[in-house]
Each structure stands twice: as C-alpha cells, then as structure tokens.
Amino acid sequence: MTYQNIETLSWIGDQHGWLRMIDQTLLPTELREIDCRQVETVWEAIKKLRVRGAPAIGIAAAYGVCIGLQTLPENADFDSFKTRLNEVGDYLASSRPTAVNLFWALNRMKAKAESCYELKNVAKIIDVLFSEAKAIHEEDRRICRLIGMFGQELFKDGDALLTHCNAGGLATADYGTALAVFFAATEKGKTIRVFADETRPLLQGARLTAWELMQRGIDVTLICDSMAAMVMKQGKINGVVVGADRIAANGDTANKIGTYSVAISAKVHGVPFYVAAPVSTFDLTLADGNGIPIEERDPEEICYGFGKRTAPEGVNVYNPAFDVTPAEFITGIITEHGIISPVNRENITKIVQS
Ligand code: MRU
C-alpha cells in the first residue's frame, strides 16, 4: 500500500456502507487504514486525531451523520428520525471545538435534512443526506485545487517556503490547502523548497508534512519549531504558508499552536505570511479571534517523548492545541475564491460571499 493509491477518507459501499480513513496517529512508520462503522468510532477517530485537519474533520463528521442514522430501524417514523439526527449531530459536535469546518459540515447536513422535511419520508431523506456527505467530500477536492492554483502565483521558481503543522492532503479530501500551494507551484514547473516545523507536541509537521511532501517528491527540510526564527533571520525563507482551523470576520486566524510565533517571526524579518483555507473555515459570526474556542488537550501529550516520560510526575501542564494569529500579521488569505489581501473585514466579506 502506498500513499499514491489510498485516500485520506473514503466511503465504502452504498449508504449502508462505512467510512475508511488513514489512521494518521500511526504515520510515518505505518500507513494503515481503519474502518468506522459506528458513529462512536468516527467520534473517537476525530478526538484522537486519527483523522485531523479542519476540512478532513468536516468530511468525516458529514459521513459520521450517515453512519449514526444507520441504527434507525427500517420503518422508523419521522419523529424518531429527527431525534436521532439531532442526537448524532450534537454528539459529533462534541469531539473537537476549534475547527469550524466540523460545525459547518454538521450544520450543512442538518439544513439539507430540514429542506426535505416536507417529504416526511425517512428513507428518502437519508438518501439525500448520503449524497450531501459525498458532495462535501468531492467539493473539498476541487476547492483544494483552486487554493493551490491561486496560491502558487505568489511564489517564484527557487523560493523556500516554511509551513507549520500539516495542511496537506492528509488534512483534507486530497492535495491540501497550504501544501496545495507547494504542489501547484511544482506542477507549474517551479522548484520550491519547503521548511517544515516539527510542530510540538504531536509532531504533525515531522510525522505528516515531512512524510507527505517526500511522498510527493517535494524537497523538504525538517526543523524544530524553535528554529524557525533563526532560519528566517538567516534569509533562508521567502514566504510562510499555513492552514487554518477558524478565521474570524476580521481575519484573526486560529491554527495549530505555534503558528502565532511563526507569524511574529515572519513580521520581524519581513517575510510574507499567508494563510490558505477554504471559505468553510471562516466564521463570520465572530467579530474577531477572541471568540474562537481553543481546544485544550490531555497534559500527557507533552509529558512523553522519545518513547518515555520526559517531564516530572505531577508537574503542572498547560496544553492549548491552537493559537490565534492577529489579522495584522497576515499578508493574505488564499481561498478557493481568490486571495484576500489586505486582510480586513471588508475584503473578507467580499471574497467569502462571492
Ligand atoms: O490538531 P490538528 O492536527 O487537527 O490541527 C490541524 C491544523 O492546525 C491545520 O493547520 C489546520 O486544520 C488546517 S488543515 C488544512
């Protein structure tokens, strides 16, 4: 099995089928897929980061709704359908709080169901929801290609670009958001070199981005997060491109913890800092980044490394999984509708609603 012939997420069979996904916790040493046949397994896969990255979480949740509805008896009445749909949606929404794509996908599934309520035909509505989940999945493929196409125009042959965490094909249906920019530039014949931050504590940069770029033949150099500022000072970086988990109406952007430090370093060293994200990652209900819920994860994640305990027993630990980069640090946001620059409320509204 190679990465070229397997998908981050795939649905097996008809609407009575199941969700298959690469278990990203095993990479880079093992490329293995797992099957999710119950909504609880989908929830656990999202929670434990077997599937992770904002768009991929949204796709998994949409399929999770279909899986959750499979427990309804064949002759279920309309009220039991509505109750189960709400139950499954609320349950999946409790898996992770920051990536808005999760809630966007669940709301989209719910709205689709509601638009069919007048049919009062449970089997038909379940059918429509299955098609909707597939549409969310397929749309993400096209969106990532468009992000790549717009983003690659920002960079020239020979550029060295830095990224943080993993915003690649593993974090989306395929191709990625930030990494799409590198893939598309390469496809245009530009030689691009990438510096990948290892991304403590869960090492998505080392385990996933470095692996994914190597799989796709891109020149990648792995650095520790703490090295990014020096590498920029040495003039080795022409631009930064990162993904996003939630972007507020003014452009403040939540992404993997450490992104904010990278943005500060980029600003100090005059390096352009870009965010690449689909329109589904914008949360226009939030005026600014202060309202973005930040996931705090298990303290154990930063107490273990090198296969052993690396912090004293009983130490106090703070483990926020995301931070918020203020809009003024962001040169532009690359979306499937085009590039938002300068990043401000007016330009965001124009592009997001176009
Ligand atoms: O905790 P993770 O691995 O889900 O965090 C992922 C990120 O922060 C990504 O950069 C973001 O979701 C963009 S993915 C295209």
Seminar exercise, completed: Here, SER354 and ILE294, labelled 7 Å along Cα→Cβ, have an inter-label distance in nm of 3.2 nm
Problem set entry | Modelled label reach - VAL268, point 7 Å along Cα→Cβ, segment 286-309 residues with backbone N closer than 14 Å | none
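Would you kindly work out the equivalent ellipsoid of segment 205-310 from its C-alpha gyration tensor and give its semi-axes, the square roots of five times the eigenvalues, largest first in whole Å?
Equivalent ellipsoid of segment 205-310: 24, 21, 15 Å, largest first.
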For this session: Give the shape of segment 148-352 as rounded, prolate or oblate, defined through the alpha-carbon gyration tensor: a ≥ b ≥ c are the square roots of its eigenvalues, a/c under 1.5 means rounded, and otherwise the shape is prolate if a/b is larger than b/c and oblate if not.
Result: oblate
Problem set entry | Cα-only radius of gyration and Dmax that characterise segment 107-216, units Å | 18.5, 59
For this session: Averaged over every viewing direction, what's the projected area of the C-alpha convex hull for the chain? Give it in nm², one decimal, please.
Result: 18.2 nm²
For this session: Using only Cα atoms, tell me the angle between helix 178-187 and the longest principal axis of the chain; keep it within 0 to 90° and round to the nearest 10.
Result: 70 degrees
Exercise. Fully extended, how many nm does the chain gain between ILE12 and GLU114 (0.36 nm per residue separation, minus their Cα-Cα distance)?
Worked result: 34.1 nm
Problem set entry | Sparse-neighbourhood loop sites, chymotrypsin sites (Phe, Trp or Tyr not before Pro) in segment 309-344 - DSSP loop, at most 12 other Cβ within 10 angstrom | TYR318
For this session: Kindly work out what percent of the DSSP beta bridges joining two residues of segment 148-352 are antiparallel, to the nearest 5.
Result: 40 percent
Exercise. Among ALA105, VAL42, THR172, which residue has its Cα positioned farthest towards the positive end of the charge dipole of the chain, with +1 placed on the Cβ of Lys and Arg, -1 on the Cβ of Asp and Glu, and the dipole taken about the Cα centre?
Worked result: THR172
Exercise. From the square roots a ≥ b ≥ c of the eigenvalues of the alpha-carbon gyration tensor of segment 180-258, which class results: rounded (a/c under 1.5), prolate (a/b over b/c), or oblate?
Worked result: rounded
For this session: Could you work out how far helix 122-152 tilts from the main Cα principal axis of the chain, as a 0 to 90 degree angle to the nearest 10?
Result: 10 degrees
Exercise. Given the Cα-Cα distance of THR310 and LYS188 and 0.36 nm per residue of separation, how much length would full extension add, in nm?
Worked result: 39.5 nm
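Could you give the semi-axes, largest first, of the ellipsoid that matches segment 3-144, computed as the square roots of 5 times the alpha carbon gyration tensor eigenvalues and rounded to whole Å?
Value: 26, 15, 14 Å, ordered largest first.
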Exercise. What dipole magnitude, in Debye to the nearest 20, does segment 29-118 give about its Cα centre under +1 on Lys/Arg Cβ and -1 on Asp/Glu Cβ?
Worked result: 460 debye
Exercise. Which whole number in µm²/s is D for segment 285-354 by Stokes-Einstein, with the Kirkwood Rh taken over Cα pairs at 10 °C and 1.306 mPa s?
Worked result: 103 µm²/s
Seminar exercise, completed: With +1 on the Cβ of every Lys and Arg and -1 on the Cβ of every Asp and Glu, the dipole magnitude of the chain about its Cα centre, in debye rounded to the nearest 20, is 660 debye
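Pull up the DSSP beta bridges for the chain and report the antiparallel fraction as a percent, rounded to 5.
The antiparallel proportion sits near 50 percent.
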Exercise. Which one of PHE150, LEU203, VAL231 has its Cα pushed farthest toward the positive end of the charge dipole of segment 148-352, where Lys and Arg give +1 and Asp and Glu give -1 at the Cβ?
Worked result: VAL231
Exercise. Of all accessible surface on segment 148-352 at a 1.4 Å probe, what whole percent is carbon and sulfur?
Worked result: 54 percent
For this session: Rounded to the nearest 10 degrees, what's the angle between the helix 259-268 long axis and the longest principal axis of the chain, both from Cα atoms, 0 to 90?
Result: 30 degrees
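Would you mind checking LYS236/LYS267; LYS156/LYS233; LYS156/LYS267; LYS82/LYS124; LYS47/LYS112; LYS48/LYS256 for any pair whose Cα atoms are more than 22 angstrom apart?
On the way: LYS236/LYS267 15 Å; LYS156/LYS233 20 Å; LYS156/LYS267 20 Å; LYS82/LYS124 13 Å; LYS47/LYS112 25 Å; LYS48/LYS256 15 Å.
In this structure, LYS47/LYS112 lie more than 22 Å apart at Cα.
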Problem set entry | Length added when fully stretched, SER226-LEU26, from 0.36 nm per residue minus Cα-Cα | 69.5 nm
Seminar exercise, completed: segment 241-316: antiparallel bridges as % of DSSP beta bridges, rounded to 5, reads 50 percent
Exercise. Per residue of the chain, what 222 nm ellipticity follows from adding -39500 (n - 2.57) for every DSSP H run with n ≥ 4, rounded to the nearest 500?
Worked result: -11500 deg cm²/dmol
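The values are calculated or read from the model by the stated rules, or taken from the named source; none is laboratory data. Keep in mind that this is a model prediction, so the values were computed, not measured. Note: ideal-geometry Cβ built from the backbone for every residue, glycine included; neighbour counts use all protein chains shown. Note: accessible area is taken over every heavy atom of the protein model, side chains too, but ligands, DNA and RNA are not part of it. Shrake-Rupley method; radii C 1.70, N 1.55, O 1.52, S 1.80 Å.
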